[in-house]
Amino acid sequence: MSLLRCYVAAPFGDAPFVREVHACLRLLGLGPTSSWAEHADGSPEQLDAMPLEEVRALAERNDHALATSDVVLVLPREGAGREMYAEARLAIAIGLPVVWVGGPRPLSAYREGVILVDSLTDAFRTLYERSVARDVAAA
C-alpha cells in the first residue's frame, strides 16, 4: 500500500519545526511532500533578492509537491505565512482535503473540504485515521 502523501503548509520561518512535523508524519506511516522545509534554514525569505526565474522555479516546485499530495496540513501562525495561505487556498481549489490546525482561521478555513482541529496532536490523529481508512479501502 502506498503512503498517504502530506504537504505541510506553514510559514517559511517555521521550516525547522516543519522538519520535526515531517519526522512525526513518517513515524505515523505518512509521506511528507513539503520539500521546501527540507532546504530552508528558518531565516526570512529573500525573494526580492533572487532572480525571477529562480523564484518562479521555487513556486512551481512547491505547487507540484502540493498538487501531487493526498492531503494538506496547514500550520498557521499569527502574522506569518503569506504563501501558506495561498497554498491552503490552492489545495482547496484543486479538491485536496485540508487539515487546518488552530488559528488564525480566515474564510478559507471554513470552506468545504477543510477539517478544523485545535492541536497538532488532533491533526496527527486525523491524518493517521485517514491513512488507515485508505489502506482498508485499498485492501
Considering only residues of the range 27-78 that are surrounded by 13 or more Cβ atoms within 10 Å (Cβ to Cβ) and of a type in the set (Lys, Arg), which is nearest to Arg105 (Cα to Cα)? Arg77
Can you list residue pairs whose Cβ atoms sit under 6 Å apart, with the first residue in the range 14-28 being without any contact (Cβ under 8 Å) to a residue 60 or more places away in the chain and the second being surrounded by 12 or more Cβ atoms within 10 Å (Cβ to Cβ) and in a helix (DSSP H, G or I)? Count only pairs 6 or more apart in sequence or on different chains. Ala15/Ala37; Val18/Ala37; Arg19/Ala37
Among (1) of a type outside the set (Asp, Glu); (2) more than 14 Å from the chain's Cα centre (by Cα); (3) over 23 Å from Arg125 (Cβ atoms), the one test that Phe12 misses: (2)
Given (1) closer than 30 Å to Arg134 by Cα; (2) of a type in the set (Ser, Thr, Tyr); (3) in contact with a helix residue (DSSP H, G or I) (Cβ under 8 Å, 6 or more places away or on another chain), where does Tyr110 come up short, assuming only one miss? (3)
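Conditions (1) among the acidic types (Asp, Glu); (2) touching a residue at least 24 places away in the same chain (Cβ under 8 Å); (3) assigned to a loop (DSSP other than H, G, I, E, B), marked per residue:
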position	(1), (2), (3)
Ser34	no, yes, yes
Asp63	yes, yes, no
Leu96	no, yes, yes
Ser108	no, no, no
Arg125	no, no, no
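A quick yes/no check of all residues on (1) within 15 Å of the chain's Cα centre (by Cα); (2) of a type in the set (Lys, Arg); (3) at pLDDT below 95; (4) surrounded by fewer than 17 Cβ atoms within 10 Å (Cβ to Cβ):
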{"site": "Ile92", "(1), (2), (3), (4)": "yes, no, no, no"}
{"site": "Gly95", "(1), (2), (3), (4)": "yes, no, no, yes"}
{"site": "Val99", "(1), (2), (3), (4)": "yes, no, no, no"}
{"site": "Pro106", "(1), (2), (3), (4)": "no, no, no, yes"}
{"site": "Ala109", "(1), (2), (3), (4)": "yes, no, no, no"}
{"site": "Val117", "(1), (2), (3), (4)": "yes, no, no, no"}
{"site": "Ala123", "(1), (2), (3), (4)": "yes, no, no, no"}
{"site": "Thr126", "(1), (2), (3), (4)": "yes, no, no, no"}
Could you grab me the full set of residues in the range 14-26 that are aliphatic (A, V, I, L, M) and buried (at least 17 other Cβ atoms within 10 Å of the Cβ)? Ala15, Val18, Val21, Leu25
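The values are calculated or read from the model by the stated rules, or taken from the named source; none is laboratory data. Keep in mind it's a predicted model, so treat the numbers as computed, not measured. Here Cβ is always computed from backbone atoms with ideal geometry, including for glycine, and neighbour counts include all displayed protein chains.
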